[in-house]
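Peer 1: One structure, pasted below without further comment.
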Amino acid sequence: MVRNGPVIFSEKYVEIAFDAENQIIIAVWKGYLQLDDVRQGCDVLIEYIRQHRLINHLSDQTELRELSPEVQKYLVDEVFPAMGEAGLRKIAILVSADIFAQATVEEVNHDTESKVGLIEFKTFHTPTDCLLWLND
């Protein structure tokens, strides 16, 4: 993923950066995510979105493995509503080649759409397509 700005947060499970040129916050999620790890990374994301009044987020999940049911529930019930309240309007998801990861991402997206009307979600297979949609 190309980044045109600083890395805000970096751990073995996620790297969060700000693309200043496109005004997009980018999270690159890695491996099998534990709930506490997701909580920590999402807290950073939400606070940065709120402070900088960002409306676009690119979630790079190309290195992600399957999401546990508890992580899925946390994202749907807590994270996405908080992101919407913070002002976020679009999330482009760069999907993993791992079919199990893709399936859990699609399930989260489906569950979220019924609960978070403020945020539009869309999945893509290339970073360029993500950026084009976010900048549209």
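Values quoted throughout were computed directly from the atomic coordinates according to the rules given, and no laboratory measurement underlies them. Every value quoted in this text rests on a predicted model; they were computed, and no experiment measured them. Virtual Cβ from ideal backbone geometry, glycine too; neighbours counted across all protein chains shown.
Peer 1: Measuring from a point 7 Å past the Cα of GLU120 along Cα-to-C-beta, which residues in the range 8-40 have an amide N at less than 19 Å?
Peer 2: 22-26
Peer 1: Per residue of the range 53-62, in order, report the coupling 6.51 cos²θ - 1.76 cosθ + 1.60 (Karplus, θ = phi - 60°) as ³J(HN,Hα) in whole Hz, putting x for Gly and Pro.
Peer 2: Once θ is set to phi - 60°, the couplings for the range 53-62 become 6, 7, 10, 10, 9, 10, 9, 8, 10, 5 Hz.
Peer 1: Each label point is 7 Å from the Cα along the Cα-to-Cβ direction; what then is the distance between the points at ASP36 and LYS73, in nm?
Peer 2: The answer from the label model is 1.9 nm.
Peer 1: Arranged by the count of other C-beta atoms within 10 angstrom, fewest first, what order do SER59, SER68, SER10 take?
Peer 2: SER10, SER68, SER59
Peer 1: Once a ≥ b ≥ c are taken as the square roots of the eigenvalues of the Cα gyration tensor of the range 3-91, is the result rounded (a/c under 1.5), prolate (a/b larger than b/c) or oblate (a/b not larger than b/c)?
Peer 2: Oblate.
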